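Comments concern the structure below.
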Amino acid sequence: MPAARFLVGGKVQGVFFRASTRERALDLGLRGRATNLADGGVEVIAEGDAAALDALEAWLHHGPPAARVESVVREAWTGAVNDGFVTG
């Protein structure tokens, strides 16, 4: 099953970005995680259907209403992926 790592930059911490990402990912049938980074960004690891990954990526470009996304970088992911979808 395909997996991807997304690095999201901008005002994405303190705006319910991780929780909103979790809700969107679960709605899309994806599993993985969303984690705050020390640089103020958020890392999202997701695995599932390729079309669902594309839909998540499109959503990440704007995120929840209070977010101000400046960048989204996508790369292939071959590491472990959590069951369900967790935030941390």
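The values are calculated or read from the model by the stated rules, or taken from the named source; none is laboratory data. For clarity, every value in this text was computed on a predicted model and none was experimentally measured. Please note: Cβ atoms are built from the backbone with ideal geometry, for glycine as well, and neighbour counts cover all protein chains shown. We work out accessible area using only protein heavy atoms, side chains counted, and drop any ligands, DNA or RNA first. Shrake-Rupley method; radii C 1.70, N 1.55, O 1.52, S 1.80 Å.
The set of residues from segment 4-62 being closer than 15 Å to Gly84 by Cβ and of a type in the set (D, E, K, R) comprises Arg18, Arg22, Glu23, Arg24, Asp27, Arg31, Arg33, Glu47.
Checking segment 61-69 against the condition returns no match, with no residue being in contact with a strand residue (DSSP E or B) (Cβ under 8 Å, 6 or more places away or on another chain) and under 12 Å from Pro2 (Cβ atoms). Within segment 67-84, the residues that satisfy the criterion of being open to solvent by 80 Å² or more (accessible area, probe 1.4 Å) and either within 11 Å of Gly41 (Cβ to Cβ) or touching an Asp or Glu at 6+ places or on another chain (Cβ under 7 Å) (or both) are Glu70, Arg74. Residues in segment 25-47 that are in contact with a helix residue (DSSP H, G or I) (Cβ under 8 Å, 6 or more places away or on another chain) and more than 17 Å from Gly88 (Cβ to Cβ) were compared, and the one that is most open to solvent (accessible area, probe 1.4 Å) is Gly29. Scanning segment 35-88 for residues that are in a strand (DSSP E or B), of a type outside the set (D, E, K, R) and within 10 Å of Val8 (Cα to Cα) yields Asn36, Val42, Val44, Val69, Ser71, Val72, Val73. Only one of the listed residues (Gly63, Gly29, Gly40, Gly48) is on the phi > 0 side of the Ramachandran plot and either modelled with pLDDT under 95 or within 12 Å of the chain's Cα centre (by Cα) (or both). That residue is Gly63. In segment 1-23, the qualifying residues are those that are of a type outside the set (Phe, Trp, Tyr) and in a helix (DSSP H, G or I), and the one that is surrounded by the most Cβ atoms within 10 Å (Cβ to Cβ) is Thr21.
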